[in-house]
1. Could you look through region 157-170, keep only residues that are open to solvent by 40 Å² or more (accessible area, probe 1.4 Å) and in a helix (DSSP H, G or I), and pick out the one that is farthest from Gln109 (Cα to Cα)?
2. Hey, Glu98 hits all of (1) open to solvent by less than 50 Å² (accessible area, probe 1.4 Å); (2) farther than 15 Å from Gln168 by Cα but one; which does it fall short on?
3. Is there a residue being open to solvent by less than 60 Å² (accessible area, probe 1.4 Å), more than 20 Å from Leu83 (Cα to Cα) and of a type in the set (A, V, I, L, M) anywhere in region 199-208?
4. Quick one: what pairs do we get from region 72-97, first residue outside any helix (DSSP H, G or I), second open to solvent by 20 Å² or more (accessible area, probe 1.4 Å) and not small (Gly, Ala, Ser), C-beta under 7 Å, 6+ apart or different chains?
5. In region 179-194, how many are modelled with pLDDT of 95 or more and open to solvent by less than 50 Å² (accessible area, probe 1.4 Å)?
6. How many residues does region 48-67 contain that are surrounded by fewer than 20 Cβ atoms within 10 Å (Cβ to Cβ) and not β-branched (Val, Ile, Thr)?
7. Counting only residues that are modelled with pLDDT of 90 or more and of a type in the set (Gly, Ala, Ser), which one in region 4-41 is most open to solvent (accessible area, probe 1.4 Å)?
8. Check off (1) touching a residue at least 12 places away in the same chain (Cβ under 8 Å); (2) of a type outside the set (Lys, Arg); (3) closer than 17 Å to Glu113 by Cα; (4) in a helix (DSSP H, G or I) for Val173 and give me the number that stays unchecked.
Amino acid sequence: MSRPTASAARPENSPARPLRADAERNRRRIIAAAQEVFASRGLDVTLDDIARHAGVGVGTAYRRFANREELIDAVFESALQRLIGLAEQALAHEDPWEGLVQLFFATGQDLAEDRGLRAFLLEGTHAQERAAAARERLTPAVSAVIARARQSGQLRGDIEPTDFPLFQRMLGVVMQQSRGVTPQLWKRYLTLILDGLRHDRDRPTPLPHPALDQDEFDQTVR
C-alpha cells in the first residue's frame, strides 16, 4: 500500500487555524475602519461603505457582522468603556470639583472628535434601546462624580445626574454646527456652563475660546 500523501494525511480541520486568524484580522480591520468612518461621517453609512474603507470585500464584512447595528455595537463598546474609565479617573481626582471639570472636558473632547459617538449617545439616531442601555451603564460612574462634587459644597446642590447628558446634548449642537468653522468653540460654552454649576466662585473663569465674529457666526448657523 502506498504511503498517504501529506495532504491526505492532514486532518480535515487543520487549515482552520490560519482561516480563524485571517477572520480575526479582517474583523479588526472592519472595526477600525468603522471607527474612522463613524467618527467623520456619523452613523448614516452602510456596511458596503465601511468594507471599502477597510479594503475588504463586502461579503467579508457581512460574514463578520450580520448587519450595521451589530457593527455599531462592536465599535461603541470600546468607546463606552473609555467614557466609564474617564468617569473613574475623575472620581479619583483629589479635588472633587476639578474631577468634575476634568470629566466634562474629557468627554466633551471625545464627543467633539467623534460624530458617530454623538449620534449614538446624544442624538437618538441609533436604536433607542441600545443608546439607553449604554447610558445606563455610564450613569453610575458619572453619578458618583456629581455626588462627590455636590457633597464637597463645590457643585450646586440642585444638580442631578440626569442634567449631565442634557448638558452634553446642548454642547453637541454647538459641536455639530461649528465643526467646519471653529471646532473648539464648544469649550467656551462648557466653561460658561461650569461657572453656572459652581456653588461659589470669586470671579468668572477665563473663557478658553473667543466669541464668534459675525462672519463666523453666519457660517456656523447657516
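1. Checked region 157-170; the qualifying residue farthest from Gln109 (Cα to Cα) is Asp163.
2. Glu98 satisfies every listed condition except (1).
3. Taking region 199-208 first, the residues open to solvent by less than 60 Å² (accessible area, probe 1.4 Å) are none.
No; the residues of region 199-208 include none that is open to solvent by less than 60 Å² (accessible area, probe 1.4 Å), more than 20 Å from Leu83 (Cα to Cα) and of a type in the set (A, V, I, L, M).
4. Hits for this filter: His93/Gln102.
5. So the answer is 7.
6. 11
7. Once the filter is applied, the top-ranked residue is Ser40.
8. (1)
The values are calculated or read from the model by the stated rules, or taken from the named source; none is laboratory data. The model shown is predicted, which means the values in this text are computed figures rather than measured ones. Backbone-built Cβ (ideal geometry, glycine too); neighbour counts: all protein chains shown. We work out accessible area using only protein heavy atoms, side chains counted, and drop any ligands, DNA or RNA first. Shrake-Rupley method; radii C 1.70, N 1.55, O 1.52, S 1.80 Å.
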